[in-house]
Amino acid sequence: MSITPLMPVYPRTAFRPVEGDHCHLIGEDGRRYLDFAAGIAVNILGHSHAGLIGAIQRQAEKLMHVSNLYGSPQGEHFAQRLVDLTFADTVFFTNSGAEAVECAIKTARAYHSHAGNDHKYELITYKNAFHGRTMGTISASNQEKMHKGFLPLLPGFKYVDFDDLDGTKAAIGPNTAGFLIEPIQGEGGIRPASDEFMRGLRALADEHDLMLVLDEVQCGYARSGTFYAYEQYGIEPDIVATAKGIGGGFPLGACLATEKAARGMVAGTHGSTYGGNPLAMAAGEAVLDVVANDEFLAHVRKMGELIRARLQQFIGNYPELFEEVRGRGLMLGLKMKVEPRGFVAHLRDNHQLLTVSGGDNTLRVVPPLVIDEGHVDEFMEKLSAAAASYDPRGAM
Ligand SMILES: *Cc1c(COP(=O)(O)O)cnc(C)c1O
């Protein structure tokens, strides 16, 4: 037998982390790595946050899982806090981002079905989007590399160029249910949508009675410098999928919706065995305790501006490697002139700095949100040393 016990769907690195220490990971070989990947924008409090660990330990001793058949004081409390902080009136908890997007898709369809419009099932989605790996969420993306081997896709998605308002307008038809979009594309290469585009989508949704569904799984939860990215566009969505940072590393996601948008999501229409379990709620509340305040968000913006300014200055020294700095808050991307994966490996293996590659030749910089200036110095030192020693042709 040559297949590995772990299904070989990831090209895993030789680096094997075994322990976390705040913003560093420690490998099996005992070496310390500066973690500016944060589990792909997940570990927003770093790896050993006492508040998060304590909350999980205390809840684990009390009650980990009960069925959603029962009343949930833990779920009600956390949902109420999210409702108070956002556009939303109601919350469905999930265990992952893809499940949060699935719930968002179903909520948008049910909105129209509830009014007797079963034919309004189609969501307009955007090229190079990433919404997850379930059949529904790969069908919502035009990225063929995720489709190969898994056809046929689910019907009900129409792909339009990102940030193209005229293209979106032209794509609206009798079957349109709404728009599904990442306000800042993550996996696609850290690309923020323009203000005009996001406001235009809101206006189109209002005009045609369509659902504006945001996938904030990566850009949401303080990452972009506001609690949710939509706040920076001066609009309110109808439905938001959120995950990654919300659990700080504990598997948790949520679908947020207004009362109007959720009118079709009545008893029996949706469910999850684990979704919203007491352990996940305790983890979620511990993360929220840290991030949902102005001081924390100001810290994210300040660190983001610091890294951005230093990157901007730095890339001028290596015009053959880097093209531009993109993103908002601590969701930053370095667009490279070469394939970024070799450089990500060079950073990791030779300089003990963890980053992630993304689409459009982008190197993603998505550190824990609790970094301080010392971590930024360490990041810039490692990055500078790596750029000085990198030969893209020899892949090192
Ligand atoms: C990561 C991601 C998802 C999928 O989340 P999973 O937890 O891996 O299912 C969906 N949408 C966006 C924008 C993401 O970045």
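The table below lists the values:
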item: Number of positions in segment 85-142 that are out of contact with any Lys or Arg (no Cβ under 8 Å at 6 or more places or on another chain), in a loop (DSSP other than H, G, I, E, B) and hydroxyl-bearing (Ser, Thr, Tyr); result: 4
item: Single unsatisfied condition, Leu154 versus (1) open to solvent by less than 60 Å² (accessible area, probe 1.4 Å); (2) among the aliphatic types (A, V, I, L, M); (3) away from the ligand (no atom under 13 Å from the Cβ); result: (1)
item: Some residue of segment 256-269 being away from the ligand (no atom under 13 Å from the Cβ), closer than 30 Å to Met336 by Cβ and open to solvent by 50 Å² or more (accessible area, probe 1.4 Å); result: no
item: Selection count, segment 121-139, where residues are of a type in the set (D, E, K, R) and buried (at least 24 other Cβ atoms within 10 Å of the Cβ); result: 0
item: Filter result for Gly374 (crowded, with 18+ Cβ neighbours inside 10 Å, farther than 22 Å from Arg16 by Cα and either of a type in the set (Lys, Arg) or outside the structural domain of Phe227 (by TED's automatic domain parsing) (or both)); result: no
item: Among the residues listed as Ala229, Ala170, the single one being modelled with pLDDT of 95 or more, under 30 Å from His299 (Cβ atoms) and among the aliphatic types (A, V, I, L, M); result: Ala229
item: Tally, over segment 158-169, of residues that are more than 13 Å from the ligand (Cβ to nearest atom), open to solvent by less than 30 Å² (accessible area, probe 1.4 Å) and in contact (Cβ under 8 Å) with a residue 24 or more places away in the chain; result: 2
item: Inter-residue pairs, beta-carbon under 7 Å, first within 17 Å of Glu99 (Cβ to Cβ) and in segment 133-147, second of a type outside the set (A, V, I, L, M, F, W, C) and open to solvent by less than 10 Å² (accessible area, probe 1.4 Å), 6+ apart; result: Thr137/His131; Ala140/Thr125; Ala140/His131; Ser141/Thr125; Ser141/His131
item: Single residue of segment 322-337 satisfying the filter (open to solvent by 30 Å² or more (accessible area, probe 1.4 Å) and over 22 Å from the mean Cα position of the chain (by Cα)) that is nearest to Ala222 (Cα to Cα); result: Glu323
item: Every pair of residues 6+ apart whose Cβ atoms lie under 9 Å, when the first sits in segment 88-102 and is closer than 20 Å to Arg133 by Cβ and open to solvent by 20 Å² or more (accessible area, probe 1.4 Å) while the second is of a type in the set (Lys, Arg) and more than 9 Å from the ligand (Cβ to nearest atom); result: none
item: Complete set of residues in segment 170-184 that are among the β-branched types (Val, Ile, Thr), open to solvent by less than 10 Å² (accessible area, probe 1.4 Å) and away from the ligand (no atom under 16 Å from the Cβ); result: Thr176
item: From the options Ile239, Ile246, residue that is more than 13 Å from the ligand (Cβ to nearest atom) and either out of contact with any Asp or Glu (no Cβ under 8 Å at 6 or more places or on another chain) or in contact (Cβ under 8 Å) with a residue 40 or more places away in the chain (or both); result: Ile239
item: Search result, residues across segment 199-228 that are more than 16 Å from the ligand (Cβ to nearest atom), of a type in the set (Val, Ile, Thr) and open to solvent by less than 10 Å² (accessible area, probe 1.4 Å); result: none
item: Filter pass, Phe227 being among the aromatic types (Phe, Trp, Tyr) and assigned by TED's automatic domain parsing to the domain that holds Gln185; result: yes
item: Qualifying residue in segment 59-67 (condition: out of contact with any helix residue (DSSP H, G or I) (no Cβ under 8 Å at 6 or more places or on another chain) and either more than 24 Å from Gly342 (Cβ to Cβ) or among the charged types (D, E, K, R) (or both)); result: yes
item: Lone unmet requirement of (1) away from the ligand (no atom under 16 Å from the Cβ); (2) more than 18 Å from Glu259 (Cα to Cα); (3) charged (D, E, K, R) for Arg109; result: (2)
item: Among the candidates Glu231, Glu187, residue that is open to solvent by 10 Å² or more (accessible area, probe 1.4 Å) and within 13 Å of the ligand (Cβ to nearest atom); result: Glu187
item: Leu279, sole failed condition from (1) of a type outside the set (Phe, Trp, Tyr); (2) open to solvent by less than 60 Å² (accessible area, probe 1.4 Å); (3) within 21 Å of Gly327 (Cβ to Cβ); result: (3)
item: From Ser357, Ser272, residue being polar (S, T, N, Q) and assigned by TED's automatic domain parsing to the domain that holds Ser67; result: Ser272
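The values are calculated or read from the model by the stated rules, or taken from the named source; none is laboratory data. All of these numbers come straight from a predicted model, not from anything done at the bench. Because the Cβ atoms are built from the backbone with ideal geometry, glycine has one as well, and the counts that use them run over all protein chains shown. For accessibility, only protein heavy atoms count, side chains too; no ligands or nucleic acids. Shrake-Rupley method; radii C 1.70, N 1.55, O 1.52, S 1.80 Å.
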